[in-house]
Structures are given as structure tokens and as C-alpha cells.
Amino acid sequence: MKKVVVGLSGGVDSSVTAYLLKEQGYEVIGLFMKNWHDDSVTISDECPWLDDSNDAMLVAEKLEIPFQTVDLSEQYKERIVDYMFNEYERGRTPNPDVLCNREIKFDVFMKIALSLGADYVATGHYCRKDEFEKDGKTIYKLLAGKDQNKDQSYFLCQLTQEQLAKTLFPIGELQKSEVRRIASEQGLITADKKDSQGLCFIGKVRLPDFLQQKLKPKEGVIVEVPANTEIFSEEKVDFDSKIEELRYLSKKYQYQSSLGKIVGKHQGAHYFTKGQRKGLAVGGTPEPLFVIDTDVEENVIYTGQGKNHPGIYRKALFINTEEIHWVRKDLSLKADQEMNVKARIRYRQPLQEATLYQTENGMYIVFQEPQASITEGQFVAWYLEDELIGSGVIS
């Protein structure tokens with residue numbers, strides 16, 4: 001009997017994960033990760049992790065599996081929270097869920113599980129794993145979940161071959177409705193529990209409230225840039241080289257306040273992210289305003305009217321060499337190589353046709369169609385068919 005440690009989060013997905021593994025004959029241990037109890041950063045009066053850990057314990061009791069809680073709040077603060085504050089301060093928008101998987105669940109947590117003698121770690125992610133032999137070596141594939149609405153492969157885009165080797169995703173073949181049905185049939189307390197909407201494992205927290213704990217409000221102006229501003233005009237350019245063209249396509253627009261008019265005030269550019277519409281509190285425009293860029297140095301938010309504003313769209317992005325990650329190292333590109341893939345720049349975005357261009361100092365991704373709100377600090381993930389083969393941080 002192989003031993004599996006399941007990250008029981010107190011939600012329905014991980015509950016059914018534990019049930020299925022037990023049915024398959026594994027020796028299953030439930031482990032709840034406690035990732036937050038810093039009262040100096042009060043997030044809300046509710047204490048969701050307590051409810052969640054109680055639910056996880058009740059599920060373990062029902063399934064008759066051993067259960068314990070591990071406190072990872074110190075590592076979580078260091079690796080996720082501090083990193084997030086730092087990124088927001090720089091005017092980038094990190095993805096805490098991708099980081100939480102890379103740094104906590106599949107690193108710190110996995111090491112604890114393996115130290116308990118586990119052969120595998122299992123999570124309630126909607127994704128699948130496959131393997132094949134190549135040159136006498138086992139290679140693992142990270143595949144999209146069967147439920148297209150719930151596919152969570154994007155959140156696991158930073159995993160390595162070593163981590164995949166030790167991981168199981170029992171619900172990857174199922175639809176969410178089937179998972180709920182199984183939980184209900186087995187009388188699990190989490191069967192009808194709503195999916196959590198908070199930061200990974202911190203629970204119910206609104207990001208702006210959270211950021212305000214550490215990043216002090218600072219009043220600045222909101223500038224509206226008209227769609228017919230000259231910087232958006234399509235100029236015909238002749239390029240001397242492919243690199244020159246790639247640089248041009250992935251270049252950000254350079255905004256300054258003189259390009260538009262001041263339409264409002266805000267409490268800190270670092271609370272806003274590209275593509276954001278809510279929270280600007282500026283009325284009276286024929287079409288709603290969207291954030292097209294933020295300048296944390298000057299503390300200015302640049303906006304444009306309507307979701308078709310040219311400032312929202314770009315055709316290409318760049319990833320610095322040290323932030324390129326290949327899940328499938330055997331497929332990685334060398335300088336001057338290219339590859340046609342499908343890519344997404346955010347969770348649940350439909351996959352987009354794109355081409356990777358590897359250069360000496362980083363990788364360009366050029367999309368067939370211009371993409372809305374390409375955001376620095378977020379992850380872009382690329383796929384062949386339904387296999388996620390690599391990812392990187394948009395720079």
C-alpha cells in the first residue's frame with residue numbers, strides 16, 4: 001500500500017480526492033495547512049481557516065483517516081505575502097495562487113509529506129498527469145483537467161518534473177458536478193460548501209483591503225487618455241531584424257499626464273491593475289473607464305474609455321531569461337528557435353494562438369490576436385494541445 005498525504009483544505013475537491021484515493025487502496029493521511037494567523041494584518045473579523053480546518057477534520061473522521069494540521073504561516077508570510085507586497089510596490093501584479101502552489105503546497109508542504117514517509121502528495125486540483133519514457137527516463141506531462149470550466153493547470157504552471165513525479169490529481173478526470181455528487185453520496189460535510197474566493201489559503205480577503213495594511217494610501221490623479229492620441233496611431237515600420245520587430249511589438253506605451261486630462265483622484269497607484277474597471281469612482285463618461293497603465297513612481301493611473309480602447313491591447317510580451325520555466329525541459333528552446341503554441345495570460349482565459357521566440361536574453365511571445373491587459377508580474381503559460389509545457393513571469 002502506497003502512502004499518500006492529501007492536502008485537505010476543508011473544501012469539497014480535496015475531500016473527494018481523499019475519498020477516491022482511499023477507495024483505490026492507498027494509505028491516506030489528511031493534512032491541513034494553516035497559512036495565516038498574523039493579527040497585525042487583520043484581514044477580516046471572520047476566521048475562515050478555523051471553519052475550514054474543522055471541516056477538514058470532520059471529513060477525515062468520516063473517511064476514517066489520520067488527520068493533522070501543519071502551521072506554515074511563517075513560510076507563507078516570507079514567500080508569498082512579502083513577495084506580493086514587494087511586487088505591488090514595484091507596480092507589478094503578482095499571482096498569489098500560482099506562487100502558493102510553487103512555494104508552499106508543492107515545496108514546503110511536499111517536503112513535510114515526504115518526511116512522513118509518503119510516496120505521493122495529492123491535491124484537489126482539476127488537472128491530470130501522464131508519463132512516458134524517453135531515453136530511458138520517465139517524463140511527466142501536466143495536462144488540463146477534463147472539466148473545461150474548472151481546468152486549473154494554469155495555477156500549476158511553475159511545477160517541476162520532480163514535483164510532478166510525486167503528485168497525484170485524482171479528480172482531474174471528473175466534472176465538478178460529479179465531484180459534488182460523490183461528496184453528497186458519501187455524506188461528506190463539504191458536499192454543498194461554496195468554493196473559496198479568497199487569497200490562496202488565507203480565505204476571505206479583498207486584495208485592496210489587504211494591501212492597505214502595508215502599502216500606505218497616497219493620493220494621486222487619474223488621467224484619461226483619448227483613444228485617438230497619437231501614440232496609438234499605427235505607424236508603418238521597416239525592421240532591420242526579427243529582434244527589432246519583436247521589441248517593437250512587445251513595447252509598452254509610454255504615458256505622461258500631458259497626454260490626457262485629469263478626471264479624478266485615487267489613493268495609491270499600487271492598488272490598481274491593468275484592465276481594472278471597478279474602484280475608479282469616476283462617473284460622467286459615455287463609456288466606462290478602464291485602467292490602461294499605472295505609474296507607481298509618479299503615482300498616476302492612466303485610463304481609457306471603453307473595453308476596446310487601443311491602450312488596453314498589445315500583440316506581444318517579453319519574459320526575462322531567469323523567469324522562463326519549462327515544465328517539459330526536454331522541449332525547451334535554444335536561442336533563435338521558435339515554437340507555435342497556445343497560450344494564456346490569466347486563469348480561465350481561452351487558449352490563444354501564439355509563437356514563442358527564444359533570444360539570447362529572454363523570450364518573446366507573439367499572439368495571433370492582440371491581447372487585453374497584458375500585466376507585468378502575472379504568469380503566462382503555454383500549451384501543446386492540452387499539455388501545459390512551460391510558463392514565465394511577464395516582464
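One line per residue, one yes/no per condition, for (1) closer than 30 Å to ASN228 by Cβ; (2) touching a helix residue (DSSP H, G or I) at 6+ places or on another chain (Cβ under 7 Å); (3) of a type in the set (Phe, Trp, Tyr):
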site	(1), (2), (3)
LEU289	yes, no, no
LEU317	yes, yes, no
ARG328	no, no, no
LYS342	no, no, no
ALA354	yes, no, no
THR359	no, yes, no
SER373	yes, yes, no
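Can you pull out the residues in segment 274-306 that are touching a Gly at 6+ places or on another chain (Cβ under 9 Å) and closer than 20 Å to ARG346 by Cα?
Those that are touching a Gly at 6+ places or on another chain (Cβ under 9 Å) and closer than 20 Å to ARG346 by Cα: PHE290, VAL291, ILE292, ASP293, THR294.
Inspect segment 110-122 for any residue being under 26 Å from VAL81 (Cα atoms), in the same structural domain as VAL81 (by TED's automatic domain parsing), in contact with a helix residue (DSSP H, G or I) (Cβ under 8 Å, 6 or more places away or on another chain) and surrounded by fewer than 22 Cβ atoms within 10 Å (Cβ to Cβ) and give the result as yes or no.
Among the residues of segment 110-122, at least one is under 26 Å from VAL81 (Cα atoms), in the same structural domain as VAL81 (by TED's automatic domain parsing), in contact with a helix residue (DSSP H, G or I) (Cβ under 8 Å, 6 or more places away or on another chain) and surrounded by fewer than 22 Cβ atoms within 10 Å (Cβ to Cβ), which makes the answer yes.
Within segment 253-278, count every residue that is touching a strand residue (DSSP E or B) at 6+ places or on another chain (Cβ under 8 Å), assigned to a loop (DSSP other than H, G, I, E, B) and either over 22 Å from GLN212 (Cα atoms) or assigned by TED's automatic domain parsing to the domain that holds SER373 (or both).
Qualifying residue count, segment 253-278: 3.
I want to confirm something. Restricting to segment 279-323 and keeping residues that are in contact (Cβ under 8 Å) with a residue 12 or more places away in the chain and assigned to a helix (DSSP H, G or I), which single residue is surrounded by the most Cβ atoms within 10 Å (Cβ to Cβ)?
The qualifying residue surrounded by the most Cβ atoms within 10 Å (Cβ to Cβ) is GLY311.
Hey, does segment 172-181 have a residue that's in contact with a Phe, Trp or Tyr (Cβ under 7 Å, 6 or more places away or on another chain) and touching a residue at least 60 places away in the same chain (Cβ under 8 Å)?
no
If GLU46 satisfies every condition in (1) surrounded by 14 or more Cβ atoms within 10 Å (Cβ to Cβ); (2) more than 18 Å from ARG180 (Cα to Cα); (3) modelled with pLDDT under 95 but one, which is the exception?
So GLU46 meets the others, but not (1).
Mind counting the residues in segment 140-167 that are within 20 Å of the chain's Cα centre (by Cα) and either farther than 21 Å from LYS329 by Cα or not in a helix (DSSP H, G or I) (or both)?
17
When residues of segment 228-242 are filtered for being touching a helix residue (DSSP H, G or I) at 6+ places or on another chain (Cβ under 6 Å) and surrounded by 13 or more Cβ atoms within 10 Å (Cβ to Cβ), how many remain?
The total comes to 2.
Matching residues to (1) surrounded by 20 or more Cβ atoms within 10 Å (Cβ to Cβ); (2) assigned to a loop (DSSP other than H, G, I, E, B):
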position: ALA335; (1), (2): no, yes
position: MET339; (1), (2): no, no
position: LYS342; (1), (2): no, no
position: PRO350; (1), (2): no, yes
position: LEU356; (1), (2): yes, no
position: TYR364; (1), (2): yes, no
position: PRO370; (1), (2): no, no
position: TRP382; (1), (2): yes, no
position: GLY390; (1), (2): yes, no
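What are the residues in segment 243-258 that are surrounded by 17 or more Cβ atoms within 10 Å (Cβ to Cβ) and either under 15 Å from GLN305 (Cα atoms) or in contact with an Asp or Glu (Cβ under 8 Å, 6 or more places away or on another chain) (or both), if any?
TYR255
Determine which single condition GLY268 fails, assuming it passes every other condition in (1) buried (at least 18 other Cβ atoms within 10 Å of the Cβ); (2) in contact with a Phe, Trp or Tyr (Cβ under 6 Å, 6 or more places away or on another chain); (3) modelled with pLDDT under 95.
(2) is the only condition that GLY268 fails.
Being more than 14 Å from ASN35 (Cα to Cα), outside any loop (DSSP other than H, G, I, E, B) and out of contact with any Pro (no Cβ under 8 Å at 6 or more places or on another chain) is the filter here, so list the residues in segment 83-105 that pass it.
PHE85, ASN86, GLU89, VAL98, ARG102, listed by residue number.
Test ASP330 against the stated conditions and say whether it is touching a residue at least 24 places away in the same chain (Cβ under 8 Å), of a type outside the set (Val, Ile, Thr), surrounded by fewer than 21 Cβ atoms within 10 Å (Cβ to Cβ) and not in a strand (DSSP E or B).
For ASP330, the condition - touching a residue at least 24 places away in the same chain (Cβ under 8 Å), of a type outside the set (Val, Ile, Thr), surrounded by fewer than 21 Cβ atoms within 10 Å (Cβ to Cβ) and not in a strand (DSSP E or B) - is met.
The values are calculated or read from the model by the stated rules, or taken from the named source; none is laboratory data. Since the structure is predicted, the reported quantities are computational estimates derived from the model, not experimental observations. Positions of Cβ are backbone-derived with ideal geometry, glycine not excepted, and every protein chain shown enters the neighbour counts.
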